[in-house]
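Colleague: One structure, pasted below without further comment.
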Amino acid sequence: MSKKSLWLIVLVLLVLGGEEMLNVETKEVSSPISSYIPQEQLREVLGQKSSFPILRIIDGDTIIVDIDGISEKVRLIGVNTPETVDTRRKVECFGKEASRFVADILAGTSVSLEADASQGDRDRYGRLLRYVYLPDGTLLNRVIIAEGYGYEYTYNIPYRYMNEFKDAERTAQKLEKGLWAEGVCE
């Protein structure tokens, strides 16, 4: 199958599926959104570079970054936010707010990425699994939970910051932040 045919299929699926992406001010990148860097090249690039420009925010727990000229989807480890782009279901309560929160934080920035050996490099959808660090060193995954825009999410295997993320969620619930606020998702 040619690259052009593949793009046409992806475009049709996006149009039919209605995937809503929040655009963030970024440079134009000619690479396809669903590209994958070969594993050996990925390790090399991630080892050489420490900062990757944000291209788009898909939702509160999935972003697209530029890695060596390739647009890579990155799924944040340990956090789940209400759905906004799953075509099989309605936009969930507080999903748009979570997406906007992440978009506002990441607008015009570059981030650092950290793998967790317990989680593997990619999920079943081909997205890179990573912790995402803001330019000042703040762990975005934790901030999303601590501010009540998402909740701790363990997929099968415990991960490095699991206990810290669970503590952040308990605190957000106690303080009634974000989606935990009284009356928000009734």
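A short reminder: the numbers here are calculations on the coordinates, not readings from a lab. For clarity, every value in this text was computed on a predicted model and none was experimentally measured. Cβ: placed from backbone, ideal geometry, glycine included. Neighbour counts: every protein chain shown.
Colleague: Give the shape of segment 55-171 as rounded, prolate or oblate, defined through the alpha-carbon gyration tensor: a ≥ b ≥ c are the square roots of its eigenvalues, a/c under 1.5 means rounded, and otherwise the shape is prolate if a/b is larger than b/c and oblate if not.
Modeller: It is rounded, given that a/c, with a ≥ b ≥ c, falls under 1.5.
Colleague: Counting only residues 5 or more places away or on other chains, whose amide H sits under 5 Å from the amide H of Cys93 once H atoms are built in the peptide plane?
Modeller: none
Colleague: Which of rounded, prolate, oblate describes segment 108-186, given a ≥ b ≥ c as roots of the alpha-carbon gyration tensor eigenvalues and a/c under 1.5 marking rounded, otherwise prolate only if a/b is larger than b/c?
Modeller: prolate
Colleague: Taking H placed 1.01 Å from N in the peptide plane, check which residues at least 5 places from Ile67 or on another chain put their amide H under 5 Å from its amide H.
Modeller: Sorted by chain and number, the residues that satisfy this are Glu72.
Colleague: Sticking with this structure for a sec: When only DSSP loop residues count, what trypsin sites (Lys or Arg not before Pro) in segment 84-149 have their Cβ near at most 16 other Cβ atoms within 10 Å?
Modeller: Within segment 84-149, the qualifying trypsin sites (Lys or Arg not before Pro) (loop, at most 16 other Cβ atoms within 10 Å) are Arg88, Arg89, Lys90, Arg124.
Colleague: Now for a separate question. For segment 99-153, which chymotrypsin sites (Phe, Trp or Tyr not before Pro) are both in a DSSP coil and crowded by at most 13 other Cβ atoms within 10 Å?
Modeller: Tyr125
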